[in-house]
Amino acid sequence: MKISRSRFVRSLALASALAALPVVALPGFASAQTAPSADGITVYNAQHASLTKEWVERFTRETGIKVTVRNGSDMELGNQIVQEGAASPADVFLTENSPAMALVDNAGLFAPLGAETLAPVPDSFRPANGHWVGIAARSTVFAYNTGKLTQDKLPKSLLDLANPEWKGRWAASPAGADFQAIVGALLQLKGEAATASWLKAMKENAKPYRGNSVAMKAVNAGEVEGAVIYHYYYIGDQARTGGENSKNVALHYFRNGDPGAFVSISGAGMLASSKNKREAEAFVKFLTGKGGQEVLRDGDSYEYAVAGGIASNAKLEPLDKLQAPKVKPEALNNKAVTDLMTAAGLL
Amino acid sequence: MPLAFVVWITIQTGWDTVVELVFRRRVGELLVNTLLLVLLTLPLSILVAVTLAWLTERSDLPGRRFWAWLAVAPLAVPAFVHSYAWVTVAPGLHGLAAAVLVSVLAYSPFLYLPVAAQLRRLDPTMEDVAASLGHGPWRVFLTVVLPQLRLAVCGGSLLIGLHLLAEYGLYVMIQFDTFTTAIVDQFQSAYNGPAANMLAGVLVLLCMGLMGGEVLLRGQERYARVGSGAARRAAPAELGRATLLCLLIPLLFAALSLGVPLLTLGRWLAIGGSRIWQGADIGGAIIQTVALALAGALLTTLAAAPMAWLSVRAPGRLQRVLEACHYYVGSLPGVVVALSLVTITVRVALPLYQTVGTVLLAYMLLFLPRALVGLRASLAQAPVELERAAMALGRTPLQAVRQITFRLAAPGAAASMAMVALGITNELTATLMLAPSGTRTLATEFWSLTSEIDYAGAAPYAVMMVAASLPMTILLHIQSKRAAGR
């Protein structure tokens, strides 16, 4: 009795040691539960969850192909795909901005898209190599509080915001992929030294918020005078809530090819490792085609339509009047941007 | 395991990069923020909790049973729902002061529970002796009562401190940067890059510092009562003319910690109307949440069972080391555990990557201590003689434990499962980072809607989380009363 008992105690100790250092994670149970892929495709989605939901619902209705969505942010999912490499469960990757697309493409993980998928999209909204394609666009704006700033006091250029007189008066969401794409454009247009010193000034001048909509809310409440965000947060809030978070806000477009007039391209790409390429390409084709672009025009995302000659929503400032700077989307380098921002103490 | 992971990554990253990533201004800012948060929140929470506990346990405050319930009830509101409510009420509420306010409101019950239980158990003769020696009531409270609450205060403070270090949603919403929010920022801009891992390393050190501090403060004094017989119930202190003033304290606490969340939720539900219930797939999120919570709770309790049995039946040095390991892992923030599991599964154990198994494993690591506490108490109450008798009647040791002891411990197991399930229902960061594609829990849905500032659309999910947490909060309250022998 005594012996069997101490052996029992020891085996229990072993069992509990295994629980503390769980090398054995119920392999059978776990592998039975792997991500769904038997039918349909998996989309890694960094676009607004609500917009992609509209796209997916319409696509599934038209084609019968099921879509499983994994939501995340641009760089999180982009880096995730790079880490997963050939084993990635993703078939299609959607972003809000181009840098994450460039990241995955530079790792050689995208499959080239067919001519029919690319054709509806003008050259300026897709990379030359055709490995991914623009599906929507958004414009940088300076959203300002109308009670605190008048037209003549607005900054003429994004670069002005680095001047000392703007200390503590403006906001941004530096942790977000949106703002990092804007910095990426700045880096491409003005070079590393100018960008680094602008970021350093920004650390002094700007109030950081988490998320563009939160930054706009702060402008509306008068906590700051203005914020560098994208256009559709304002237009969406006006349309959806009648201005709950934006009644004191107006948009200022920088124009004149200024870095602050940067138009960011949302992209879609098909993974080379996809085992469902036919369905995956069908989804990308749907996005650049009439169906996907009509969702942009008629839905409440208020992002610009870019393909197939479909007009953007009538509430938006026309794309061709924005005088955006010429930026190569495939050359936007987010690694360099986050390194610079980490060095400036913004991340 | 996560500790070994952090060390391994540090070695892999190379010393120069580590120095560059750790000793920089941003880390300094985060350190100041996090330390200020802990140093301000803890004393305030102690003050609030001890005041409330004394009023509800030792005074003749009218309706004190009712106030006792209200003091615990904020636990049913997840921390990030607290801040969601406060951001709605006062949109300008940002920064340190806001962080401290919301933290105190959301976490004080963690201190109130043990302090109230301890106050109920105290032997009033000690106070009588002190009073007979000529000390005034304040002096008696400060020199006799307060020191006896030390263990309860230390334990509760540790729990709150660990929550402060680990919480993500609460601080994001009120714009306060801590290590945890910065790690998630880095994760979102570079996935599991070295910068995120180094921040995680510093956070782990902070957690260990907190635990070490608790051990030091706990001290070695003796708190036991010598002598036989049961302690008599303490006579409630008469508040007299101060009653009205004292009533204001729990009233204010309840208004801030319960009134604000409930009113804002009600307001958003009214604004949202039927739209927010129709468009969203709330049913699906509930089913997924419940499934994850049940599976996680079952797994965690099963994993805790051998450890709990050992610590009751065969205490020894090996057992103490093992138990310390369990507690240590459970004190790690969800974001650190998730970060290490992401890297391990994607690099080494790819078949486990993005599986339900991995999320459940993370839940198990995070919530093991909760399961352990409940299980151990009830195992201790199952008499060992019955086990021996069963073995004498021919059962093998395993059979005896299974058929006798674990059956007697079933109520405790149920309670610890409930505790774990509650934790999983409100868990955000690990779920976001590890769950299989297409997973939508109440917490993740609530989070994705609030980050698009669709506060009305998020309200139903918050209500569901509160509803799910209520029964478990009630259970906790009853349990703490029972522990005090009433």
Exercise. Here are A:PHE125, A:PHE142, A:PHE93, A:PHE110: which of them is touching a residue at least 12 places away in the same chain (Cβ under 8 Å) and in the same structural domain as A:GLU223 (by TED's automatic domain parsing)?
Worked result: A:PHE142
For this session: Just give me the residues in region A:76-86 being over 19 Å from the mean Cα position of the chain (by Cα) and at the interface with another protein chain (Cβ under 7 Å from one of its Cβ atoms), in sequence order.
Result: A:GLU84
For this session: Report, ordered by the first and then the second residue, all pairs with beta carbons closer than 8 Å, sequence separation of six or more or different chains, a first member in region B:465-479 that is in the same structural domain as B:ALA291 (by TED's automatic domain parsing), and a second member that is assigned to a helix (DSSP H, G or I).
Result: none
Exercise. Does A:GLU84 satisfy the condition of being assigned to a helix (DSSP H, G or I), out of contact with any His (no Cβ under 6 Å at 6 or more places or on another chain) and farther than 22 Å from A:ALA305 by Cα?
Worked result: yes
Seminar exercise, completed: Selection from region B:24-49 of residues surrounded by 20 or more Cβ atoms within 10 Å (Cβ to Cβ) and basic (Lys, Arg) yields B:ARG26
Exercise. Restricting attention to region A:161-182, does a residue exist that is over 15 Å from the mean Cα position of the chain (by Cα), in contact (Cβ under 8 Å) with a residue 60 or more places away in the chain, outside the structural domain of A:GLU294 (by TED's automatic domain parsing) and in a helix (DSSP H, G or I)?
Worked result: yes
Exercise. If B:ALA285 satisfies every condition in (1) touching a helix residue (DSSP H, G or I) at 6+ places or on another chain (Cβ under 8 Å); (2) facing chain A (nearest Cβ under 10 Å); (3) of a type in the set (A, V, I, L, M) but one, which is the exception?
Worked result: (2)
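For (1) within 19 Å of B:ALA467 (Cα to Cα); (2) free of Cβ contacts under 8 Å to residues at least 24 places away in the same chain; (3) assigned by TED's automatic domain parsing to the domain that holds B:PRO62, each residue gets a yes or a no:
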site	(1), (2), (3)
B:LEU252	no, yes, yes
B:GLY259	yes, yes, yes
B:THR301	no, no, no
B:VAL321	no, yes, no
B:HIS326	no, no, no
For this session: Any residue in region B:451-463 that's farther than 11 Å from B:TRP268 by Cα and in contact (Cβ under 8 Å) with a residue 24 or more places away in the chain: show its pairings with residues that are part of a helix (DSSP H, G or I) and of a type outside the set (S, T, N, Q) at Cβ separation under 6 Å, as long as the two are six or more apart or on different chains.
Result: B:TYR461/B:LEU442; B:TYR461/B:GLU445; B:TYR461/B:PHE446
Problem set entry | Test for A:ASP320: is it within 12 Å of chain B (Cβ to nearest Cβ) and either out of contact with any Leu (no Cβ under 8 Å at 6 or more places or on another chain) or outside any helix (DSSP H, G or I) (or both) | no
Exercise. What single numbered condition from (1) touching an Asp or Glu at 6+ places or on another chain (Cβ under 9 Å); (2) within 14 Å of another protein chain (Cβ to nearest Cβ) fails to hold for A:ASN248?
Worked result: (1)
For this session: Kindly check whether there is at least one residue in region A:48-63 that is touching an Asp or Glu at 6+ places or on another chain (Cβ under 6 Å) and modelled with pLDDT under 95.
Result: no
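Can you give me the ranges of the strands (runs of 3 or more DSSP E) entirely in region A:193-286 with at least 3 residues that are crowded, with 19+ Cβ neighbours inside 10 Å and modelled with pLDDT of 95 or more? Don't jump to the end; show me each part of the working.
On the way: elements: A:206-208, A:226-230, A:249-252, A:263-271.
Passing ranges, in order: A:226-230, A:263-271.
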Problem set entry | Residue check for B:VAL290: at pLDDT below 80, outside the structural domain of B:PHE110 (by TED's automatic domain parsing) and either within 29 Å of B:THR473 (Cβ to Cβ) or in a helix (DSSP H, G or I) (or both) | no
Problem set entry | Lone qualifier among B:LEU365, B:LEU393, B:LEU372 - being within 11 Å of chain A (Cβ to nearest Cβ) and at pLDDT 85 or above | B:LEU365
Exercise. Among the residues of region B:176-197, which ones are under 22 Å from the mean Cα position of the chain (by Cα), in contact (Cβ under 8 Å) with a residue 40 or more places away in the chain and under 16 Å from A:PRO174 (Cβ atoms)?
Worked result: B:PHE176, B:ASP177, B:ALA182, B:ILE183, B:VAL184
For this session: Give region B:134-154 a look and list any residue that's more than 18 Å from B:ALA234 (Cα to Cα) and either surrounded by fewer than 18 Cβ atoms within 10 Å (Cβ to Cβ) or in contact (Cβ under 8 Å) with a residue 60 or more places away in the chain (or both), or say none.
Result: B:GLY134, B:ARG150, B:LEU151, B:VAL153, B:CYS154
Exercise. Looking only at residues in region B:408-452 that are small (Gly, Ala, Ser) and assigned to a loop (DSSP other than H, G, I, E, B), which one is nearest to A:PRO89 (Cα to Cα)?
Worked result: B:SER437
Problem set entry | Selection count, region B:91-112, where residues are hydrophobic (A, V, I, L, M, F, W, C) and at pLDDT below 85 | 1
Seminar exercise, completed: Exactly one of B:VAL336, B:VAL348, B:VAL373 is closer than 30 Å to A:ALA87 by Cα, aliphatic (A, V, I, L, M) and without any contact (Cβ under 8 Å) to a residue 60 or more places away in the chain, and that residue is B:VAL348
Exercise. Within the bounds of region A:87-102, is there any residue that is assigned to a helix (DSSP H, G or I), within 12 Å of chain B (Cβ to nearest Cβ) and crowded, with 24+ Cβ neighbours inside 10 Å?
Worked result: yes
For this session: Say whether the condition of being facing chain A (nearest Cβ under 9 Å), buried (at least 18 other Cβ atoms within 10 Å of the Cβ) and assigned to a helix (DSSP H, G or I) is met by at least one residue in region B:327-338.
Result: yes
Exercise. Among B:GLY63, B:GLY92, which is more than 24 Å from A:SER246 (Cβ to Cβ) and either surrounded by fewer than 23 Cβ atoms within 10 Å (Cβ to Cβ) or not assigned by TED's automatic domain parsing to the domain that holds B:SER257 (or both)?
Worked result: B:GLY63
Problem set entry | Those residues of region B:48-68 which are more than 18 Å from B:GLN148 (Cα to Cα) and of a type in the set (A, V, I, L, M, F, W, C), in sequence order | B:LEU61, B:PHE66, B:TRP67, B:ALA68
For this session: Check region B:266-276 and report whether any residue there is surrounded by 22 or more Cβ atoms within 10 Å (Cβ to Cβ) and more than 19 Å from the chain's Cα centre (by Cα).
Result: yes
Exercise. Which one of B:THR450, B:THR439, B:THR431, B:THR444 is buried (at least 20 other Cβ atoms within 10 Å of the Cβ), within 14 Å of chain A (Cβ to nearest Cβ) and farther than 25 Å from B:LEU365 by Cβ?
Worked result: B:THR450
For this session: Mind listing whichever residues of region B:169-224 are assigned to a loop (DSSP other than H, G, I, E, B), within 11 Å of chain A (Cβ to nearest Cβ), under 20 Å from B:ARG24 (Cα atoms) and at pLDDT 80 or above?
Result: B:PHE176, B:ASP177
Exercise. Within region B:399-413, is even one residue polar (S, T, N, Q), assigned by TED's automatic domain parsing to the domain that holds B:ARG313 and buried (at least 21 other Cβ atoms within 10 Å of the Cβ)?
Worked result: yes
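The values are calculated or read from the model by the stated rules, or taken from the named source; none is laboratory data. What you are looking at is a predicted structure, and each value in this text was computed from that prediction instead of being measured. Cβ sites come from the backbone with ideal geometry, for glycine too, and all protein chains shown count toward neighbours.
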